[in-house]
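*Asks:* Got a structure for you, questions after.
Taken together, the values in this text are just the output of simple stated rules run on the coordinates, not laboratory data. Model, not experiment: these values are computed from the prediction. Heads up, the Cβs are rebuilt from the backbone with ideal geometry, glycines too, and the neighbour counts pull from every protein chain shown.
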Amino acid sequence: MAANNRRMSGKKGAQVGSGGQRRKGLEGKGPTPPAEMRKGHKKNRIANAKAKQAVRRPAPRGRGGRGTSEMVVGRNPVVEALREGVPASTLYVQQFIDNDERVREALQLASERGGINLMEAPRPELDRMTNGLNHQGLVLQVPPYEYAHPEDLASAAHDDGEDPLIVALDGVTDPRNLGAVVRSVAAFGGHGVVVPERRAAGMTAGAWKTSAGTAARTPVARATNLTRALESYKKAGIVVVGLAADGEHEIGELEALEGPVVIVVGSEGKGLSRLVGETCDFRVRIPMPGGAESLNAGVAAGIVLYEAVRRRV
């Protein structure tokens, strides 16, 4: 019996009065990750399969065409994109990543929004996907943007019984300027923005962020040829007004803003291109007593949109 007691006393386990020596062993590793992130879970396999299909599947083209998919790279950019509601299809998370505050927030935002696949990937795979950029273990895939057709913007206005109020951008290449214009159009009840298909800013993650969510309700149309799109608007009875520093008319004097109108904004440096400028019915200028040579596209569009809305009211 004594021998049995000796064997039992040598058994491993927590001892009375251990003073919390095993406390660290009882500590967890943070909150349980979502099912989509747990390797071997059914939802994880489904999410991985969907993500692979999304990458391989060719993008169908609609009337206005589709943009290309984009990757938002890095912990801060990914968290900011998710906060601003930038559309996303997949959040890639590096295997064995350090689970800091930004990683936890990214996972939480993606899970709360829904419709975003969560996929673990080894670091070499993320390096390959991002062409060696410093992704810090987080990569967000933004799906191609669904562009409208320029005719759709005017049709939507007529369906609502309103005169079209549209902004077209000529030579604007900074996505943040496009996002600012989208925000101005939304603020003043415009019917959308038209951008050229080539050599122009598109609806990237940067444009979405600058639009502060308004891109979700303000359509952006893409024109194969901006000049032809403007001519088509003119045939439909819509006045085309171009902004130019040397415009023949001052914005406050232009009665054409009271009716259906397309406002064309050029780049800060070069302004309107020659062909687009010749296509415009009117070229107007914004008076600037302060002596500034030009305004950025978002500010210029906002001023003209305000004047148009003021006249209509």
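*Asks:* Just how large is the dipole of the range 189-313 about the Cα centre, in debye to the nearest 20, putting +1 at every Lys and Arg Cβ and -1 at every Asp and Glu Cβ?
*Replies:* On the way: 15 positive and 13 negative charges, 123 e Å.
Dipole of the range 189-313, to the nearest 20 debye: 580 debye.
*Asks:* Using packing as a proxy for protection, rank 93-101, 141-149 so that the peptide with the highest average count of other Cβ atoms within 10 Å comes first. Don't skip to the answer; put the middle values down first.
*Replies:* On the way: 93-101: 13.8, 141-149: 19.8.
Descending mean neighbour count gives 141-149, 93-101.
*Asks:* Shifting gears a bit: Assign unit charges at the C-beta atoms only (+1 for Lys and Arg, -1 for Asp and Glu), then state the dipole size of the range 229-282 relative to its Cα centre in Debye, rounded to the nearest 20. The partial results should precede the final answer.
*Replies:* Numbers: 4 positive and 10 negative charges, 73 e Å.
The dipole of the range 229-282 has a size of about 340 debye.
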